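The values are calculated or read from the model by the stated rules, or taken from the named source; none is laboratory data. For clarity, every value in this text was computed on a predicted model and none was experimentally measured. All Cβ positions, glycine included, derive from the backbone under ideal geometry; neighbour counts span all protein chains shown.
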Amino acid sequence: MSDPNSWSPIQVKNEWGGTITNVQVHHRYDDDHYDKHTWPSLTNNETGSGMQAGYWTGFGRTGKDYWQVTFDADGGVYTNKNNFYCYLTSDDSDSGGAVILTIQSVGGLNLHVAPPKSGSCNVSLDKVG
């Protein structure tokens, strides 16, 4: 296994409607590379930064970027399904912009992944504890 040839900053935005705690983000590129970061808490409309996600781009290296978000809120633990993926591309890395993961509760419990250039993806959040 070698080091990824592309990196993007990751930001998490809280649009839950209140403070969320123990916010954990895990990023996995296929089975090759794993990144994780934890924020103790994010208040409503706060954006956390400080994470980088590594992935490979180029000929023969198109893989899946898997995303897992877990956090505590309103007396419960919430997460998304563990096989959720949203692709990152060389355009995302070249842009220098952040991938924004937005945790939402309006209109349903949802995680929205928005790369700076690639298409965005959504997945539902479920209470697991």
- Restricting region 57-77 to residues that are modelled with pLDDT of 95 or more and among the small types (Gly, Ala, Ser), the residue that is farthest from residue 109 (Cα to Cα): 75
- Item | Members of region 111-129 found to be surrounded by fewer than 17 Cβ atoms within 10 Å (Cβ to Cβ) and either farther than 19 Å from residue 22 by Cβ or touching a His at 6+ places or on another chain (Cβ under 7 Å) (or both), listed by number | 112, 117, 119, 120, 121, 122, 124
- Test residue 101 against the stated conditions and say whether it is within 28 Å of residue 3 (Cα to Cα) and surrounded by 21 or more Cβ atoms within 10 Å (Cβ to Cβ). yes
- Quick one: how many residues across region 1-51 are touching a Pro at 6+ places or on another chain (Cβ under 6 Å) and modelled with pLDDT of 95 or more? 0
- Task: Check region 84-97 and report whether any residue there is acidic (Asp, Glu) and under 20 Å from residue 16 (Cβ atoms).
- Result: no
- Test: residue in region 52-59 that is on the phi > 0 side of the Ramachandran plot and without any contact (Cβ under 8 Å) to a residue 60 or more places away in the chain: yes
- Take region 40-75 and flag every residue that is closer than 17 Å to residue 112 by Cβ, surrounded by fewer than 20 Cβ atoms within 10 Å (Cβ to Cβ) and of a type in the set (Phe, Trp, Tyr). 66
- Residues being under 16 Å from the mean Cα position of the chain (by Cα) and farther than 21 Å from residue 117 by Cβ - total across region 76-89: 6
